[in-house]
Amino acid sequence: MVSLCLRHIFAFRQTNLLLRSMSNIPDTRQALLELGFSEEQAEKIQSMRCPPHKTPNIKELCLIGLSHKTVLRMLEESPEILKTTDKALRDRVDALRGLGLGEGSMQNTLSRCPALLSVPRSRLTAATQCLKSRCHFTSLQIRKILNSAPEVLTQDPSYLENVFQYVYFRMGGNHGDIISSQVFQTSFDEIRVRHQFLERLGLFLPPNKKRECPPSNPQLKEVIRLSEEDFLSKIAFSSVEGFSTFRKILVREEQEAEQDMEDIEDEFSSDEDDEERSSDSEDDDEDKDYKENVHDKKPKYQYKKK
């Protein structure tokens, strides 16, 4: 009888859990349908294992003004959006609005870079402050960057600063050229390879002390925005094989430079250790001499007891 009762209890609990899990499915589906998603779109979202308590996140995306098709694509590209809370999602949207993204710009930015909704607010602020304080872009220019290259907010501030300083000082580009040339949408390595390739060919001369480039230099957007085929045929006048070989040479040179720097640091640290050891030995010798002079040397005057 005890065994039979236990079997009934276990079977009842198992059936209850099964009913609960099955009841979640129509709740999620019904919530998505009420938000305006089609049957097919709701099925795709459910296939992402979207739990019922995450439907408020999807509702927040719809309230921003994104189309159902765009929301579905964003969830497919960045499923981590479902892992955040609806409060964190609203906080990040408010942070983007605080950067000057209004209606239209917000939808365009999030559609281009859904990963922004997975970036903490502190990181969004740090990237923006870097563009403003270290790179000296105006608020209007920052809004243009966010509209054309919203992925910059997902980058580390030090990376953004390095890209800006290289293009600004080494290539002589101004703030307007940097925005129109889509510098932040291009890999930093690709920018350096193309620029230094032209430099060694004598086709790109460095700017003078006033940051003025010779008129013979190609424009910044021609160096960065052109496809590799057009860049080689119209700007560098070189072959694909020559450009590929230069890439390998540049990588090897950078590796050798890093190795030389490590050797110098090791040598410098070893020299410091030697100096410390020699200094310690000199101090020991001085202590020894002092002890000998103080304890071993006889006094000059001696008093006799009466």
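Would you mind calculating the gained length between THR85 and ASN174 on full extension (0.36 nm times residue separation, minus the Cα-Cα distance), in nm to one decimal? Don't jump to the answer; show the numbers that get you there.
On the way: separation 89, 0.36 × 89 = 32.04 nm, distance 4.07 nm.
Gain in length upon complete extension: 28.0 nm.
Can you send over the solvent-accessible area of LEU205, 1.4 Å probe, protein chains only, in Å² to the nearest 10?
Per-residue accessible area (LEU205): approximately 80 Å².
What does the C-alpha gyration tensor say about the overall shape of the stretch 42-149? Classify as rounded when a/c is under 1.5, otherwise prolate if a/b is larger than b/c, or oblate. The partial results should precede the final answer.
Values: a/c = 2.50, a/b = 2.00, b/c = 1.25.
It comes out prolate by the Cα gyration axes.
Using a 1.4 Å probe on the protein heavy atoms, what percent of the accessible area of the stretch 27-168 belongs to carbon and sulfur? Mind showing how you got there, number by number?
Values: 3260 of 6800 Å².
Here carbon and sulfur together make up 48 percent of the probe-accessible area.
Pairs LYS144/LYS248; LYS69/LYS144; LYS132/LYS221: which are spaced more than 29 Å apart, C-alpha to C-alpha? Show your work: numbers first, answer last.
Details: LYS144/LYS248 35 Å; LYS69/LYS144 26 Å; LYS132/LYS221 22 Å.
Pairs exceeding the cut-off: LYS144/LYS248.
By average Cβ neighbour count within 10 Å, what is the ranking of 211-218, 164-171, 261-268 from highest down? Can you show the working numbers first?
Values: 211-218: 12.2, 164-171: 18.4, 261-268: 10.0.
So the order, starting with the most tightly packed, is 164-171, 211-218, 261-268.
At 7 Å along the Cα-to-beta-carbon direction for both SER244 and VAL193, put a label point, then send me their distance in nm to one decimal.
So the two model labels end up 1.1 nm from each other.
State, to one decimal in nm, how far the label point of SER216 lies from the label point of GLU76, with both points 7 Å from Cα in the Cβ direction.
Spacing of the two 7 Å Cα→Cβ label points: 5.2 nm.
On the principal axes of its Cα set, how long, how wide and how thick is the stretch 93-217? Give whole Å, largest value first.
Largest first, the stretch 93-217 extends 48, 24, 24 Å along its Cα principal axes.
Roughly how many Å² is the accessible area per residue of the stretch 119-216, as a whole number, for a 1.4 Å probe?
49 Å²
With each pseudo-label sitting 7 Å past Cα toward Cβ, what's the GLU151-GLU228 distance in nm, one decimal?
Roughly 1.6 nm, to one decimal.
Principal axis lengths of the stretch 99-155 from Cα atoms, whole Å, largest first?
Computed over the stretch 99-155, the largest-to-smallest principal extents equal 28, 22, 15 Å.
The values are calculated or read from the model by the stated rules, or taken from the named source; none is laboratory data. Note that the coordinates shown come from a computational prediction; the quantities given were computed from them, not determined experimentally. All Cβ positions, even for glycine, are placed from backbone atoms using ideal geometry, and neighbour counts span all protein chains on display. Note: accessible area is taken over every heavy atom of the protein model, side chains too, but ligands, DNA and RNA are not part of it. Shrake-Rupley method; radii C 1.70, N 1.55, O 1.52, S 1.80 Å.
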